[in-house]
1. At a 10 angstrom cut-off on C-beta neighbours, averaged per residue, how do the peptides 104-115, 132-143 rank from highest to lowest?
2. Grab the beta carbon distance between Gln58 and Ala8, set R0 = 30 Å, and tell me the FRET efficiency rounded to 0.05.
3. What full-extension length gain, to one decimal in nm, is calculated for Val65 and Glu94 as 0.36 nm per residue of separation minus the Cα-Cα distance?
Amino acid sequence: MRISCYGAELFARALEWARREHTRTKEQLSGNFETARKRRGSDPWGLPSGFLARYKPQILISVFVVLVLVGGAYYSSRASESVPKVVYSISLEEVEAEAQTPLLVNINTADAKELEELPEVGPSTAEKIVEHRRHKGKFRTVND
């Protein structure tokens, strides 16, 4: 019996709370109700009153995002039209002349730094060539 009394008491409390909330909500809505005629007369765009007040932050952020995106698109379109600015340390004629002159190094007299300028010869290979010359003497043939 105790459980059923407790259940009935809980149900009665819930019902009382629901009635109070319904009454409170009804009172709140009764003050904000507007007819269609009144709304059209008060707002030139036909928006309900309080619409801009309610959504003002979202509207401002949306407008700001659109402006940033449009500005970025405009800037990137203008930036891509300009001539790229490249700074060279030497002239193209000097590079062309250097590329046409063959890189000749005497392997029997060159030191490690000169050998490193050869293609595919790094510091360790240059040192090995110098050491080989010291121990076995000068290179006599291409096969050496």
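1. Highest to lowest by the protection proxy: 104-115, 132-143.
2. It comes out at approximately 0.05.
3. 5.4 nm
Coordinate-derived values only; no laboratory data. Keep in mind that what you see is a predicted model, and the values were worked out from it rather than measured. Positions of Cβ are generated from backbone atoms using ideal geometry, with glycine treated the same way; all protein chains shown enter the neighbour counts.
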